[in-house]
Amino acid sequence: MALPNGSGGYQIGDGNSGEAQLFVQAAPTALTAAAVLTSAQLSIGLFTYTGAAANLTLPTVALVEADISSASKVDSAFDFVIINTGATNAATVIVGTGWTIVGAAAVSAATSARFRARKTGDGSWTCYRVA
C-alpha cells in the first residue's frame, strides 16, 4: 500500500472534515451482577450494567499485563466506559492487586462513566475516573 502523497488518500488533519472516523467496536459486555472483569472485556472497552448495587472488580495488573499489555511502556493507557442502565442502583469499580483508583468509582443509576487505565510502573497501574 502506497502512502498518500497529497494527490489522494485520507490524511488526518488535512481538511477531511465532515467525515465520520469509523472504527471497529465489538458489542458491549452486558453485566447484571457483581463481577471480576477480564482483560478481554477491558479490551472491548464498553460495558452495560443493570442490576442490584454491585462491585465491578478490575483484574489484577499481572493478568492485564500478561493478556493485553505485556509490551506497554510506562504512561501507556487505554479507556473503558461503563453505562449503568439501571433505575436505582450504582455499579462501583473496585481495583484488583496492583491498581490504584483516582476519582469517584461509583457509576450511579442511569448515568455512564469513562475511565482511563494508565501504566505507572512495572506491575502498577492507575485507574482514573475521567468523565
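Derivation of every value follows stated rules applied to the coordinates shown; laboratory data play no part. Please read all numbers here as calculations on a predicted model, not as lab measurements. Ideal geometry is used to build each Cβ from the backbone, glycine not excepted, and the neighbour counts take in all protein chains shown.
Apply the Karplus parameterisation 6.51 cos²θ - 1.76 cosθ + 1.60, with θ equal to phi minus 60°, to every residue of the stretch 43-51 and state each ³J(HN,Hα) to the nearest whole Hz, in sequence, with x for glycine and proline.
Once rounded to whole Hz, the list reads 5, 5, x, 9, 10, 10, 9, 8, x.
If I stretch the segment between residue 53 and residue 66 completely, what's the gain in nm (0.36 nm per residue apart, minus their alpha carbon distance), one decimal?
On the way: separation 13, 0.36 × 13 = 4.68 nm, distance 3.02 nm.
Taking residue 53 through residue 66 to full extension adds about 1.7 nm, to one decimal.
Around residue 100, under 14 Å between beta carbons, what's the net of Lys plus Arg minus Asp minus Glu among the other residues?
Its environment carries a net charge of +4.
Amide H of residue 112: which non-local residues (sequence gap of 5 or more, or other chain) have their own amide H closer than 5 Å, using H built in the peptide plane?
84
So how far, in whole Å, is the C-alpha centre of the stretch 82-131 from the one of the stretch 37-60?
Result: 9 Å between the Cα centres.
Working out 0.36 nm times the residue gap between residue 129 and residue 76, then minus their Cα-Cα distance, what length gain in nm do you get to one decimal?
17.5 nm
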